[in-house]
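Read the structure below first, then the notes.
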Amino acid sequence: MQMRRFEKSTKTITIRDWITEDLPDTDCSPIGQRLSRDPHLSLVKVETKTKSKEIISVILYCNMDMGTITVHEPNEDYPSDYRIESIDGGHRKRAIRDFFYNKFPLYCGRFYRNLTDEEKQAFLNYEMHFTTYYNLAPHEVGFIFRTQNTTTKVNHQEMLNSYGWIPVANAIRETVREIPNHNSIPHDLFELGRAGQYKHLAFNNDGLRIDEMFARLFHLYYKNEGLSTSTNADLVSMYKSDISETEVSEIKEKVNECLDFMLRLTLCRKSKLNNTLPKREFTLFYRVFMYLQKTYPSFKIENYDEFWMSLNKVFSKFTNKEMYEQSDILSKVSPFDRNKTIGGQVLDCLSEYDAVDHVEYPIKMLLELGWNPSDAIIVKDVKRNFSIQQREAKLAEQDFKCAVDGKPLTLDESEAGHIIAHTNGGSTTYDNLAMVRAKWNKAMGSMDLNVFKEQMAL
């Protein structure tokens, strides 16, 4: 990235003036900011320890300078509905705003409305220091955030999130969470329930951990090599690659197919075990799907309950320590670490992304222990279309009559239909071909020909 001197200004303003002058025009939670690690406001009790309470306590009782808050004024290159956007210091601004509007109490149990007049004046007269940048591009906003946070505790995904308004970053964050002040609609797998908790997942997004897990999945489809590595360096490379909106949309369509599969398995799991999806099985589910895509280029799952049960029957051998300690296979020493059993190694590999053999190992061991996915899926013929020679020969064989209604039929009026529907595993071979009137072929959809005839009483 070419370096340049940034345009900026500084100012000091009281909380009173900031609330009236700047807060209404300020986005305190822009897309490139770290998420708050405090619990949802509805869950904050008097005794709950939060960073927001610490910030307000410092303001009220210490009058200590908490450092400069960094913001920028968006321009035509950085879409925003606000005049001012936070770069760093978003938690301080949100804490001051929410406390002033009586959204949470201090440790003593008092809200802002319960403060004495003297305490309110001290709070409102507290001075905030701002540095404002101008005419920044999205990558420059992220650069400033990352540069200012080289010594504070900011994890890898929070750094990636700071890349801001770029297509790949938007696609990742908007798939897993609602973005404040943006009309993002997350995938149903990441649906939120009461108090901001995920309905289907047994883990939260503290430190953007869900963003990170999904970014690793997204990278696999971006890389388009099937099950492979998705290291931190891989993720940085993807974020820096300047993928276009069109390319991101195409990748997202493929990833959503995987998420749909994961959601269906998650709902089956919840119905049988009455609990939400742990992190390891989140990874397991998408690796299983990618294995199926590589092994069976075209397949269909008719009964997700049966599929999940066949998978879980084998996977539960790894999660039950007593079971794998008694297993001749799982109790053996891991090929990767002499201090681990194979059973323990499989579980650890579901949290590893840096080596292909580790990524593939859980699937390899599931198969070795007897999981056979072909028993629970319909494998479809990759070939879908019949040749003109096949169609002409079959129409002649049928005496130029429709295989559905038995009435005269010409080649121009006909379409090639699968006797056993392609979606039900029917092959695109001559013995599974029937020439039918075009309207019947469209009406059959995914039904087998004989089932359709019975339905229509033809």
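Could you calculate the contour length gain from Gln455 to Asp405, that is, 0.36 nm times the residue separation minus the distance between their Cα atoms, to one decimal place in nm? Could you put the intermediate results ahead of the total?
Numbers: separation 50, 0.36 × 50 = 18.00 nm, distance 1.26 nm.
Gain on stretching Gln455 to Asp405: 16.7 nm.
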Pull up the DSSP beta bridges for the chain and report the antiparallel fraction as a percent, rounded to 5.
70
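How large is the translational diffusion coefficient of the stretch 272-379 in µm² per second when you combine the Kirkwood radius over alpha carbon pairs with Stokes-Einstein at 20 °C and 1.002 mPa s?
147
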Could you check what % of the DSSP bridge pairs in the stretch 1-153 are antiparallel, to the nearest 5?
60
Per the helix-only model, the chain has a calculated mean residue ellipticity at 222 nm (DSSP H runs of ≥4, -39500 (n - 2.57) each, divided over all residues, rounded to the nearest 500) of -12500 deg cm²/dmol
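One-quarter of the Cα convex hull surface for the stretch 53-188, in nm²?
10.0
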If I model a spin label at Lys120 and Glu247 as a point 7 Å from the Cα along the Cα→Cβ vector, what separation in nanometres do I get?
5.6
Which log10 I(q)/I(0) values, to two decimals, does the stretch 388-456 give at q = 0.12, 0.20, 0.26 Å⁻¹ under the Debye formula with one point per Cα?
-0.25, -0.72, -1.21
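Grab the Cα-Cα distance for Lys442 and Glu302, subtract it from 0.36 nm times how many residues apart they are, and report the gain in nm with one decimal. Write out the running numbers ahead of the final one.
Numbers: separation 140, 0.36 × 140 = 50.40 nm, distance 2.12 nm.
Full extension of this stretch gives 48.3 nm more.
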Can you give the Kirkwood hydrodynamic radius of the stretch 311-458 from its Cα pairs, in Å with one decimal?
19.1
Each label sits 7 Å from Cα toward the beta-carbon; between Lys11 and Arg113 the label points are separated, in nm, by 3.1
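Explain nothing, just the number: dipole magnitude of the chain about its Cα centre with +1 on each Lys and Arg Cβ and -1 on each Asp and Glu Cβ, in debye rounded to the nearest 20. The partial results should precede the final answer.
Numbers: 59 positive and 65 negative charges, 207 e Å.
Using Cβ point charges on Lys, Arg, Asp and Glu, the chain gives about 1000 debye.
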Report, please, the projected area of the chain averaged over directions, based on the convex hull of its C-alpha atoms, in nm².
30.6
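Report the FRET efficiency, 1/(1 + (r/R0)^6), for Ile179 and Glu397, where r is their Cβ-Cβ distance and R0 is 56 Å, rounded to 0.05.
Numbers: r = 60 Å, r/R0 = 1.06.
The computed FRET efficiency comes out at 0.40.
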Using the Cα centre as the reference, give the magnitude of the dipole from point charges on the C-beta atoms of the stretch 129-250 (Lys, Arg: +1; Asp, Glu: -1; all else neutral), rounded to the nearest 20 debye.
420
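Between Asp431 and Lys240, what FRET efficiency follows from the Cβ-Cβ distance if R0 is 41 Å, with the result rounded to 0.05? Spell out each step's value before the answer.
Numbers: r = 53 Å, r/R0 = 1.30.
Computed FRET efficiency for Asp431 and Lys240: 0.15.
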What are the ³J(HN,Hα) values, in whole Hz, obtained from phi via the Karplus relation 6.51 cos²θ - 1.76 cosθ + 1.60 with θ = phi - 60°, for each residue of the stretch 272-279 in sequence order, with x given for Gly and Pro?
8, 10, 6, 8, 8, 7, x, 4
Given the candidates Leu277, Asn232, Gly90, the one whose Cα lies deepest towards the positive end of the charge dipole of the chain, counting +1 at each Lys or Arg C-beta and -1 at each Asp or Glu C-beta, is Leu277
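What does the extension gain come out to for Tyr82 and Arg384, with contour length at 0.36 nm per residue minus their alpha carbon separation? Provide the component values of the computation, followed by the final result.
On the way: separation 302, 0.36 × 302 = 108.72 nm, distance 5.16 nm.
Here the segment from Tyr82 to Arg384 would lengthen by 103.6 nm.
Of the listed pairs Lys300/Lys332; Lys93/Lys240; Lys300/Lys442; Lys272/Lys442; Lys103/Lys272; Lys199/Lys252, which have alpha-carbon separations greater than 32 Å here? Intermediate results must be reported in sequence, preceding the final value.
On the way: Lys300/Lys332 35 Å; Lys93/Lys240 29 Å; Lys300/Lys442 20 Å; Lys272/Lys442 38 Å; Lys103/Lys272 39 Å; Lys199/Lys252 22 Å.
As for pairs spanning more than 32 Å Cα to Cα, those are Lys300/Lys332; Lys272/Lys442; Lys103/Lys272.
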Do any trypsin sites (Lys or Arg not before Pro) in the stretch 364-406 lie in a loop, going by DSSP, with at most 16 other beta-carbon atoms within 10 Å of their beta carbon, and if so which?
Lys383, Arg384
Compute the relative contact order of the chain as a whole-number percentage, counting only Cα pairs closer than 8 Å that sit 6 or more residues apart in sequence.
11
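Any read-out appearing in this document is the output of simple, stated calculations on the displayed coordinates, not a laboratory observation. This is a predicted model, so every value here is computed, not measured. Here the Cβ is made from the backbone with ideal geometry for all residues, glycine too, and neighbour counts use every protein chain on show.
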